[in-house]
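Comments concern the structure below.
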Amino acid sequence: MKPLVFFLAYLLLCSQVVRADHITGGSMSYTFVNFSDGKYNYRLTLKLYMRCNSGRQFNDPTIFGIFDRVTHARINDFPVALTRTETLDMNSFNPCITNPPRVCYEVGYFETSISLPPSENGYLLSAQVVYRIQGINNFMSNYDNVGATYTAEIPGTSASSDAPENNSANFTGDDLVAVCSNNSFSYSFSAVDKDGDQLNFSLCNAYQGGFGGFGNNSNPPQTPPYISVPYGMDYNGSSPLGSHVRIDPSTGLITGIAPSDGIYVVTVCVEEIRNGKLIATQRKDIQINISGCTIASASIPSEYMLCKDTRSIAVSNFSSSPLIKSYNWDFMDDNGNVLYSSDGRSASYTFPREGDYSIKLVVNRGGECADSSLSAVKVYPGFKPDFTVEGLCFNKPTRFLDASTSVFGSVDSWRWSFDGSSNISQQRNPSFTYVNAGNKRVRLIATNSVGCRDTVTKTVSIVDKPPIQLAFRDTLICAPEVLQLRASGQGRMTWSPTLNMIGAQTATPTVSPLNTTTYYVDIDEHGCFNRDSVTVNVVDHVTLKMMNDTTICAGDTIRLRTVSDGLRFAWTPGEQLIRPDIAHPYAVTPVTTRYSTVASIGACTASGSVLVTAVPYPIANAGADTMICHNTSAQLHGTIDGSSFKWIPDISALNGNGNVLNPTVSPRESTAYTLAAYDTRGCPKPGFSSTLVRVLPPIEPYAGRDTSVVVGQPLQLQATGGVAYSWSPGEGMSDHQIANPRVIHAAAHPGIRYRALIANEAGCADSAFITVKVYHTRPSVFVPNAFTPNGDGKNDQLSFVTAGIQKVEYFHVYNRYGQLVFNAYNEMQKWDGFVGGVRQPSGSFVWMVKAVDYNGASYFDKGTVVLIR
């Protein structure tokens with residue numbers, strides 16, 4: 001049973017792991033209590049944030065660590081129980097926010113008392129969590145479940161004798177803030193200091209957390225120094241929300257335009273300055289949830305930089321709130337004089353000259369949700385940040401050289417980011433050592449003395465050794481000859497051996513070796529080395545062996561071949577050659593030709609030739625294309641000038657024809673027949689010719705449906721299915737040789753049978769027939785007065801007969817209640833006395849018919865019919 005007990009305990013432990021941690025922020029603070037028994041006594045508080053209803057739990061207890069502030073030596077670890085919790089929930093919202101998010105935190109407090117002996121260096125207090133929440137937008141995309149570290153600093157006596165009697169700055173800003181993407185916002189990280197120390201606020205790197213920990217228990221914190229979280233390339237500790245967000249160093253108020261919706265880690269450091277000296281730094285780390293809400297606000301950046309190559313600007317309000325009803329833009333000079341105004345959501349303007357300007361936006365002026373914003377505009381075109389790089393090997397310093405230029409003012413600050421945004425420098429020409437190879441993105445943010453700021457980002461390839469590019473690695477010369485070696489790369493180059501060499505300290509020395517020699521090039525790129533080599537093979541003559549003379553079919557392409565150590569070739573005649581300057585060109589040979597070439601190595605040459613005899617292809621003629629009717633035969637008529645032939649497909653066995661030039665074929669579908677001709681004159685390939693036997697589809701003759709007309713009424717006949725037509729008998733027809741003649745009958749007839757002879761393109765013909773009844777009456781539709789649907793085969797269905805009617809538009813039958821029980825559009829449709837499968841009882845029914853006669857006149861009639869069962 002012991003293994004089972006252990007397994008159940010492990011499952012319980014895992015279930016606790018799932019529910020613990022996932023903290024959204026926190027801070028650590030302390031208050032000084034007194035000094036007694038040779039020790040300083042403090043009240044220590046760790047404040048942790050968690051989303052409401054997250055299903056998670058605070059670690060209980062959390063392990064605190066105490067370290068030497070300078071040496072980072074571990075002094076003590078101790079557990080602190082969860083003292084209390086509270087819920088912070090935003091219950092009221094600004095009415096100018098559309099679709100406001102819920103902002104709610106569960107806050108856990110871990111409080112304890114500690115006693116510490118005097119220390120010259122002071123102390124660093126810390127606690128760690130293993131997991132933040134997932135999906136943080138300003139982290140690198142391939143990082144997840146990054147932990148967090150929360151710290152507080154207690155100054156030592158080196159700062160001043162009373163410095164340990166310190167109360168830490170305590171963050172008091174309101175965390176119930178709704179932040180909408182692409183809208184203006186403010187978030188207070190204000191703090192109070194009981195000692196009255198001066199407080200300086202700044203955005204700084206968030207720390208990663210620890211590892212491990214089970215259930216609701218944490219592990220002791222890792223030993224400092226603590227490393228930064230892995231910010232994404234567009235973010236860093238100083239810009240965790242992008243370039244449009246700033247912090248007031250005096251108040252800790254963060255303002256600006258929020259980035260797109262998501263979760264962002266923001267850390268604020270507050271420095272405690274006493275008597276002009278920094279004594280301690282405290283930190284607050286929070287994950288801000290930016291939602292897709294909108295605020296009716298004037299949301300524009302705090303400043304615009306027209307510092308590149310233009311004095312023109314196009315601006316628009318970032319807020320897309322539907323609550324905004326009006327816009328008022330003012331473009332002003334540095335004295336506040338309005339230069340241009342606009343009332344659109346967007347505005348454009350070209351400033352008259354360089355200088356400082358401002359833009360003011362007012363939305364909903366004088367109405368609900370009115371707001372305004374003022375932005376500074378720097379118009380100083382010609383500022384371009386740039387840099388070059390020296391040293392490209394990892395584990396060796398890479399130097400970055402500022403190459404920024406400015407037409408107005410001078411470049412006065414630099415902020416570099418190397419290998420991830422946590423590695424920062426503010427030197428003009430810094431150095432950085434990469435620990436591994438790969439493509440590294442380097443970013444420089446530069447400013448100038450007139451207030452411009454811009455960014456340049458480049459990808460730097462860090463390698464284990466500086467690359468060398470050689471024009472060639474192996475070549476051939478014929479002595480005596482001078483050859484230029486060519487290499488390229490960053491760094492100082494040196495070639496060896498230097499015998500018979502000029503310019504050994506350059507990238508392109510010249511050499512004139514008498515024997516085959518390997519030359520080495522060494523590159524020194526600021527202490528990073530590489531070597532490569534070029535072998536120069538030396539000969540005293542050119543070897544050339546031509547291919548044997550050959551025979552081909554006239555007009556074919558042949559590849560000419562040589563065996564040679566020549567470097568260059570010149571073939572003739574060039575007009576028949578593809579690439580006559582290579583060793584093995586292709587030649588198009590319509591007539592017998594001798595091809596000659598000169599192979600050379602420098603001044604040394606050799607020549608040779610090859611005879612290519614061109615023999616004409618045998619001639620085949622399969623005859624003209626032909627067309628036949630379905631299920632008939634055609635005779636082919638082929639001719640050749642060769643000694644033998646073959647039909648494709650093979651038809652030698654068809655109808656006993658044997659292999660003849662004029663076979664008879666009976667294809668079932670259109671077929672192409674190819675005649676291949678062969679001879680023995682030297683061209684091994686056959687000549688081809690094809691003929692198409694097109695098989696027409698079967699004729700589908702149609703002369704129309706039997707019909708009835710009246711005497712003297714024109715009837716339009718219509719036949720289909722062919723290309724030629726002949727009607728008989730032709731009496732009374734307008735033209736009996738067309739598809740659609742008109743016929744007029746002078747007397748009544750019980751039924752005239754007309755034949756339409758219909759032919760296709762090949763002259764094949766078939767017949768179709770139509771019977772026309774001729775009545776001596778006006779155009780009519782005849783309907784019986786009764787029918788008996790009793791299944792005896794006599795008068796079981798109701799139908800109608802037309803006379804002189806071209807088209808029936810409808811034939812309707814109604815029951816005694818006026819319900820439609822049957823409709824038809826031609827004589828072939830008949831009523832069987834059922835409606836929807838239900839047998840209708842005996843009785844009278846009303847019918848109505850509407851039609852058009854052969855003269856185009858409308859016809860209408862109605863009557864009754866009796867259904868008899």
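The values are calculated or read from the model by the stated rules, or taken from the named source; none is laboratory data. What you see is a predicted model; the values in this text were computed from it and never measured. A quick note on method: Cβ atoms are made from the backbone with ideal geometry, for glycine too, and the neighbour counts reach across all protein chains shown. Note: accessible area is taken over every heavy atom of the protein model, side chains too, but ligands, DNA and RNA are not part of it. Shrake-Rupley method; radii C 1.70, N 1.55, O 1.52, S 1.80 Å.
Rounded to whole Å and sorted largest first, list the principal axis extents of the Cα atoms in the stretch 516-672.
Largest to smallest, the principal-axis extents are 90, 42, 25 Å.
Taking the Cα atoms only, what angle lies between the long axis of helix 2-19 and the longest principal axis of the chain, rounded to 10 degrees?
For helix 2-19, the angle is close to 90 degrees.
How fast does the stretch 360-487 diffuse by Stokes-Einstein, in µm²/s, taking the Kirkwood radius from C-alpha pairs at 20 °C and 1.002 mPa s? Don't jump to the answer; show the numbers that get you there.
Numbers: Rh = 18.6 Å.
Estimated diffusion coefficient is 115 µm²/s.
Could you point to the residue in 413, 833, 163 farthest towards the positive end of the chain's charge dipole, with +1 and -1 charges on the Cβ of Lys/Arg and Asp/Glu respectively?
So the residue furthest toward the plus end is 833.
Could you tell me whether the chain comes out rounded, prolate or oblate from its Cα gyration tensor? Rule is a ≥ b ≥ c as square roots of the eigenvalues, rounded for a/c under 1.5, then prolate if a/b exceeds b/c, otherwise oblate.
Oblate.
Roughly speaking, what is the centre-to-centre gap between the stretch 528-575 and the stretch 128-142 when only Cα atoms are used, to the nearest Å?
Cα centroid to Cα centroid, the span is 63 Å.
What aspartates and glutamates could a cross-link reach from residue 850, if we take a straight Cα to Cα line under 12 Å and drop same-chain neighbours fewer than 8 places away?
Result set, ordered by chain and number: 809, 861.
With each pseudo-label sitting 7 Å past Cα toward Cβ, what's the residue 90-residue 343 distance in nm, one decimal?
3.3
At a 1.4 Å probe, what is the % contribution of carbon and sulfur to the accessible area of the stretch 825-869? The partial results should precede the final answer.
On the way: 1450 of 2650 Å².
Reported share for carbon and sulfur atoms: 55 percent.
Computing the accessible area with a 1.4 Å probe over protein heavy atoms, can you report the carbon and sulfur percentage for the stretch 691-754?
Numbers: 1790 of 3290 Å².
Here it works out to 55 percent.
Mean separation of Cα pairs under 8 Å and 6+ residues apart, divided by the residue count of the stretch 114-210: what relative contact order is that in percent? It would help to have the intermediate numbers written out before the result.
Values: 132 pairs, mean separation 29.8, N = 97.
Relative contact order of the stretch 114-210: 31 percent.
Under a crude label model (7 Å from the Cα following the beta-carbon direction), how far is residue 668 from residue 72 in nanometres?
Each label point lies 7 Å from its Cα, and together they span 8.8 nm.
Under a Cβ-only charge scheme (Lys and Arg +1, Asp and Glu -1), can you give me the dipole magnitude of the stretch 481-584 about the Cα centre, in debye to the nearest 20?
Details: 8 positive and 11 negative charges, 15 e Å.
In total the dipole reaches around 80 debye.
May I ask you to derive the relative contact order of the stretch 563-621, considering only C-alpha pairs under 8 Å and at least 6 residues apart, and to give it as an integer percent? Provide the component values of the computation, followed by the final result.
Working: 92 pairs, mean separation 17.9, N = 59.
Over the stretch 563-621, the number comes to 30 percent.
Restricting to Cα pairs below 8 Å that are 6+ residues apart, what does the relative contact order work out to for the stretch 206-303? Please round to a whole percent. Could you put the intermediate results ahead of the total?
Values: 117 pairs, mean separation 20.4, N = 98.
Averaging sequence separation for qualifying contacts and normalising by length gives 21 percent for the stretch 206-303.
With all protein chains present and a 1.4 Å probe, how do 764, 180 order by accessible area, largest first?
Working: 764 40, 180 0 Å².
My answer, sorted largest first, is 764, 180.
Order of 853-859, 674-680 by packing, highest average Cβ count within 10 Å first? Mind dumping the intermediate values first?
Details: 853-859: 14.1, 674-680: 18.6.
By packing density, highest mean first, the sequence is 674-680, 853-859.
Which residues' amide hydrogens lie under 5 Å from the amide hydrogen of residue 56, considering only partners 5 or more residues apart or on another chain, with H built in the peptide plane?
none
With every protein chain kept in place and ligands, DNA and RNA left out, what is the accessible area per residue of the chain? Probe 1.4 Å, answer in Å². Present the calculation step by step, with values, prior to reporting the outcome.
Working: 42380 Å² over 869 residues.
Roughly 49 Å² per residue, with all protein chains present.
Before rounding to the nearest 500, sum -39500 (n - 2.57) across all DSSP H runs of length at least 4 in the chain and divide by the residue total; then give [θ] at 222 nm in deg cm²/dmol. Please list the in-between numbers first.
Details: 1 runs with 18 residues, N = 869.
Computed mean residue ellipticity for the chain: -500 deg cm²/dmol.
Measure off 7 Å from each Cα along the Cα-to-Cβ vector at residue 162 and residue 186, then give the distance between these two points in nanometres to one decimal.
Taking the two extended label points, one gets 3.5 nm.
With all protein chains present, how much of the accessible area of the stretch 395-467 (probe radius 1.4 Å) comes from carbon and sulfur, to the nearest whole percent?
On the way: 1560 of 3510 Å².
C and S atoms contribute 44 percent here.
Of the cross-linked pairs 39/284; 308/360; 384/465; 194/284; 194/277; 794/830, which ones have a Cα-Cα span greater than 20 Å in the structure shown?
Working: 39/284 27 Å; 308/360 22 Å; 384/465 31 Å; 194/284 18 Å; 194/277 17 Å; 794/830 14 Å.
Beyond 20 Å: 39/284; 308/360; 384/465.
As a quick test, which of the pairs 378/458; 773/862; 646/685 have an alpha carbon distance above 19 angstrom in this structure? Please report the intermediate quantities before stating the final value.
Working: 378/458 25 Å; 773/862 23 Å; 646/685 13 Å.
Among 378/458; 773/862; 646/685, the Cα-Cα distance tops 19 Å for 378/458; 773/862.
How do 203, 798 rank by accessible surface area computed with a 1.4 Å probe, from largest to smallest? Could you put the intermediate results ahead of the total?
Details: 203 20, 798 0 Å².
Putting 203, 798 in descending order of accessible area: 203, 798.
Among the aspartates and glutamates, select those whose C-alpha is under 19 Å from the C-alpha of residue 325, and discard any that sit fewer than 8 residues away in the same chain.
Partners within reach: 343, 368, 371.
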